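One structure below.
No value in this document is a laboratory result; all are computed from the given coordinates. Being a predicted model, the structure only gives us computed values, none of them experimental. Using ideal geometry, Cβ is built from the backbone for each residue, glycine included, and neighbour counts are taken over all protein chains shown.
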Amino acid sequence: MDAVGVATPPPAAPRAPLWLVLPSRFAALTRLQARWGLGLVALLLAATLLALASPPPPAGNPDDPARMEAQTDLLLYDSIVSGVRGGGDYYSVAANALRRGDYPLRPFVTFRLPALTMIQAHVPPTGMLGILYLLAAGVAAAWFVRLRPAFRRTPPLVFAMLLLAGGMVAFVQRGLIGFHEIWAGLLIALSLALRRDDRWLTAVAIGLVAMLLRETAALYVGIMAVLAFAEGNRREALGWGITLMILAVVVAFHAHAVAAVVRPTDPASPGWAGLLGFGYFVRTMTLSTALAIAPLLLAAPLVGLALFGWASWPEPLALRALTIFCGYAALLGLFGRSDTFYWGLMIAPALLVGLAFAPDGIRDLIARARDRRKITVTRLVR
């Protein structure tokens, strides 16, 4: 009696990593999975070219009068700080400044939360600049500690830190110190770098501060809460949830205070349903980082490769970072307008670090997709 047996070859052992200590997340894929993965990467890189058709934000076109609008925003914030420093009430000062600049005053979210303004009003400009530089240095140190165990050698680690610096070029510019997103973006990056399964309280506290400076940091905190709950870290999820409740109370008081100074005749915002799509997110990220010096045709695919790189690093931190980037990509693509380009600063510091993980991911995908191991058929005679 003959019996035919089909021997399926065991998965090939992952190759030694190029830069990373551990094989990339794609090192154990089957050939079919790897080919699908390469197809998705190609689709991602093609999608980044939608940035070429996306409307340029004000900061992206020096000859566009809209650029002056970005500068006007900074002048607005400075005038409010000056008014509060002179003894004025924040909400009255802000309302008058918005009216003078023909800004909308409704709904209440057109008023920034007062925390940063109050700090600036009571700290000298040199002191604020010093605090900003110290915060940026803290972010760099925290990410160095997190990234050092990930790489086998020093040169890739140095490259990753240079990429981090490239994501922070806008965050150490004296002229942008009044942007709330500058501070919130650094705090988000610091919170993410410090968060560990056994040490999450500091990260939660920093996340709360980020939200009190810029309420759109609530998206970061919400994602961290959901991921903590999904991973079974109930106490951590509760911690993130409590900070969201604190923010809700603060925002309620904020809305009440705004209502007291807004008139029925004050203009309303046109809304935030920009629906500018993924290309606008990509373009915003190129302008928020050192990629601004490169042609958009080159810079846009690098944003896609950075996202792919974060997907390649086999660490829970990488999936958290990737989820946060995707969350803000959705926020910018769905609700961003051409004059809200600065929302991208919320995630700019760490985004480009993903490029340091990409070589291992690409190499492993290609190697798995080219796997030519054969199935062996044997006939047994009994």
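Each pair of Cα atoms in the stretch 2-381 enters the Kirkwood radius, and Stokes-Einstein at 20 °C and 1.002 mPa s then converts it into a translational diffusion coefficient of 95 µm²/s.
Taking 0.36 nm per residue of separation and subtracting the Cα-Cα distance, full extension of the segment from Leu129 to Leu162 would add 9.7 nm.
Applying 1/(1 + (r/R0)^6) with R0 = 35 Å to the Cβ-Cβ distance of Phe229 and Leu275 gives a FRET efficiency near 0.70. Remark: Phe26, Phe159 ranked as Phe159, Phe26, counting other beta-carbon atoms within 10 Å and listing the fewest first.
Ordering 75-83, 122-130 by mean Cβ neighbour count within 10 Å, with the highest value first, yields 75-83, 122-130. Sorting 138-151, 329-342, 98-111 by their mean Cβ neighbour count within 10 Å, with the most densely packed peptide first, gives 329-342, 138-151, 98-111. Going from the residue with the fewest nearby Cβ atoms within 10 Å to the one with the most, Met245, Met118 rank Met245, Met118. Residues Tyr328, Tyr280, arranged from fewest to most other Cβ atoms within 10 angstrom of their Cβ, appear as Tyr328, Tyr280. With R₀ set to 51 Å, the beta-carbon distance separating Ile119 from Leu43 gives a calculated FRET efficiency near 0.70.
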